[in-house]
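Values in this text are rule-based calculations from the coordinates and carry no lab data. The structure presented is a predicted model; accordingly, all values stated were derived computationally and were not measured. All Cβ positions, even for glycine, are placed from backbone atoms using ideal geometry, and neighbour counts span all protein chains on display.
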Ligand code: GLC
């Protein structure tokens with residue numbers, strides 16, 4: 001295998017939430033035909049891989065993350081022919097397609113679960129995790145395990161007088177992978193999609209697939225709310241429910257399945273949470289024989305500061321040295337859009353700086369739809385929320401809810417980061433072909449923040465993404481070179497500097513990146529005379545003057561000798 005085969009190490013990912021990208025029928029819900037009609041836009045942006053949140057059959061209790069048939073497309077999104085057409089259209093554009101795969105749980109409307117809950121001796125009974133309640137009368141959950149979304153993850157089913165386990169919401173019962181039939185079915189199902197030409201999978205809450213087979217109580221923990229580093233919460237550890245060691249072995253089994261398919265290689269990217277050490281274990285302990293990539297969510301809440309990002313790069317490099325590779329992500333369908341973390345006054349400048357960082361550090365970047373045009377979080381009223389995670393919290397007083405929204409980065413009501421893509425200033429922001437109620441309200445700012453406006457403005461965030469993406473694609477040092485941080489003592493405090501370098505045909509290609517996290521102009525000695533500017537976050541930039549580099553507030557530049 002040559003390094004060149006590992007295209008996924010150099011790739012850039014764009015996440016589409018199918019319900020919200022483009023509606024082709026006029027029912028206010030995005031669909032596959034709509035997506036196909038916009039592929040040229042994504043191609044033009046210059047990303048390579050598109051990851052789709054689930055569009056399989058589903059009652060849509062968790063908008064697709066509750067699957068009721070793994071080998072079919074939900075009718076509101078289209079048909080299997082539309083899917084095949086989507087794959088063809090993506091591949092014709094020399095792009096790649098990644099599906100979201102929810103292995104941990106199904107919908108409670110899946111036939112398997114309907115059968116499973118029907119009687120204790122149904123052949124599908126053991127496809128899910130069923131237990132007796134606590135003695136003496138069985139009316140208390142089997143143990144103290146909590147779900148990801150607070151409260152016990154055990155749910156009582158009176159028909160058979162037992163409890164089933166659900167890591168996430170109650171209507172998402174966990175499958176039992178200790179039953180070989182389940183594992184075999186799911187591995188074959190993965191092969192089914194790979195044969196259809198899918199280039200990879202994003203694996204939903206993979207660390208929750210296997211729990212402790214002895215069902216031991218989780219120990220106490222000091223943590224109240226979960227964090228990027230650990231799912232411990234409500235003063236309970238998640239020792240026996242999240243990242244149980246069998247999940248690391250499972251990652252290797254999955255890798256073997258996708259490696260059956262070559263030319264091109266396929267890849268797996270895990271949605272897992274935990275310490276960097278645990279995350280790395282999902283990819284392989286000594287050699288990279290597990291998941292190809294894992295999301296590193298530590299970047300998400302990191303304050304926009306040179307020092308904070310320097311430390312984060314150091315950590316990522318420590319745990320993901322070559323041949324492993326980190327990932328860089330700032331927004332997705334579960335959390336506040338990152339541009340809305342910034343004060344509005346400098347939001348676009350900061351978003352550009354963030355882009356420059358994300359697209360020049362070593363690692364695979366993921367961009368969330370609309371991020372490239374600066375789509376803001378749509379702060380929708382909690383009372384009308386559609387996200388099932390929010391239902392639990394509706395009973396809380398407003399003050400508490402607002403506090404929880406803030407400390408969880410809006411993860412307890414995810415509607416606001418999922419609203420329809422803003423294409424233009426027409427009714428429905430060009431999302432639907434006719435005037436209709438879209439499934440979630442369009443952000444009221446759509447007349448100014450939309451694709452058309454972004455394309456008309458040469459200094460827009462869109463073009464900043466495009467410039468950096470194009471440069472990254474054609475520059476080996478940027479897409480596959482090593483990274484070396486500059487000594488902070490040699491540059492002002494607010495500047496983060498690093499080099500990226502690769503050997504091409506025996507010659508070293510070296511790229512210098514300088515990012516100004518400060519709100520003031522920064523001027524410092526240029527250590528690389530005769531360098532030239534490859535890209536800047538601002539189009540009018542003239543950072544090279546004489547002996548110095550001068551950066552505008554929040555400006556990021558790339559230089560080459
Ligand atoms: C993941 C998904 C999220 C979903 C959950 C349950 O965290 O990103 O959207 O609700 O898993 O499948």
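Which of rounded, prolate, oblate describes the range 111-165, given a ≥ b ≥ c as roots of the alpha-carbon gyration tensor eigenvalues and a/c under 1.5 marking rounded, otherwise prolate only if a/b is larger than b/c?
oblate
Counting other beta carbons within 10 Å of each Cβ, put 249, 371 in order, fewest first.
Taking fewest neighbouring Cβ atoms as first place, the list is 249, 371.
Taking Cα atoms, how many degrees apart are the long axis of helix 398-407 and the longest axis of the chain, rounded to 10 and kept between 0 and 90?
60 degrees
Starting with the fewest neighbours, write out 343, 308, 139 ranked by other beta-carbon atoms found within 10 Å of each beta-carbon.
With the sparsest Cβ surroundings first, the list reads 343, 139, 308.
Dividing the convex hull volume of the alpha carbon atoms of the range 207-255 by its residue count, what do you get in Å³ per residue?
70 Å³
Helix-only estimate, please: 222 nm mean residue ellipticity of the chain, summing -39500 (n - 2.57) across DSSP H runs of length 4 or more and dividing by its residues, to the nearest 500.
Rounded to the nearest 500, the figure is -7000 deg cm²/dmol.
If I take R0 = 22 Å and measure r between the Cβ atoms of residue 126 and residue 216 in this structure, what FRET efficiency does the formula 1/(1 + (r/R0)^6) give, to the nearest 0.05?
The computed FRET efficiency comes out at 0.60.
By what distance, in whole Å, do the Cα atoms of the range 103-262 stretch along each of the three principal axes, largest value first?
Cα spread of the range 103-262 along its principal axes, largest to smallest: 53, 39, 23 Å.
Can you give the relative contact order of the range 335-445 as a percent, counting alpha carbon pairs under 8 Å and 6+ residues apart?
Here the relative contact order equals 26 percent.
For the range 221-348, what is the per residue volume of the convex hull drawn over the alpha-carbon atoms, in cubic angstrom?
146 Å³
How would 110, 105, 155 line up from fewest to most surrounding beta-carbon atoms within 10 angstrom?
155, 110, 105
Could you calculate, for the range 482-560, the ratio of the Cα radius of gyration to the Kirkwood radius, expressed as Rg to Rh?
We get a ratio of 0.97 for the range 482-560.
Give me the log10 of I(q) over I(0) for the range 432-486 at q = 0.28 Å⁻¹, as the Debye formula computes it from C-alpha points; what are the numbers?
Reported log10 I(q)/I(0), two decimals: -1.09.
Between residue 150 and residue 530, take the C-beta separation as r, use R0 = 41 Å, and let me know the FRET efficiency to the nearest 0.05.
0.10
Against the longest alpha carbon principal axis of the chain, how many degrees, from 0 to 90 and to the nearest 10, is the axis of helix 461-474 turned?
90 degrees
Which shape class applies to the chain: rounded if a/c is under 1.5, otherwise prolate when a/b exceeds b/c and oblate if not, where a ≥ b ≥ c are the square roots of the Cα gyration tensor eigenvalues?
prolate
Which whole-number percent gives the relative contact order of the range 1-126, counting Cα pairs below 8 Å spaced six or more residues apart?
Dividing the mean separation by the residue count of the range 1-126 yields 22 percent.
Sort 190-202, 43-55 for me by packing, meaning the mean count of neighbouring Cβ atoms within 10 Å per residue, highest on top.
Ranking, from highest mean packing down: 43-55, 190-202.
How far is helix 246-259 tilted, in degrees, relative to the longest principal axis of the Cα atoms in the chain, given as a value from 0 to 90 rounded to the nearest 10?
70 degrees
Once the Cβ-Cβ distance between residue 227 and residue 459 is put in as r, and R0 is 45 Å, what FRET efficiency do you end up with, to the nearest 0.05?
According to the calculation, E is roughly 0.75.
What Kirkwood Rh does the range 1-68 have if only Cα atoms enter the pairwise 1/r average? Answer in Å.
Kirkwood hydrodynamic radius for the range 1-68: 13.6 Å.
Could you grab the relative contact order for the range 256-392? Cα pairs under 8 Å, six or more apart, rounded to a whole percent.
For the range 256-392, the relative contact order is 18 percent.
The range 284-357 to the range 114-152: how many Å between their Cα centroids?
Here the answer is 38 Å between Cα centres.
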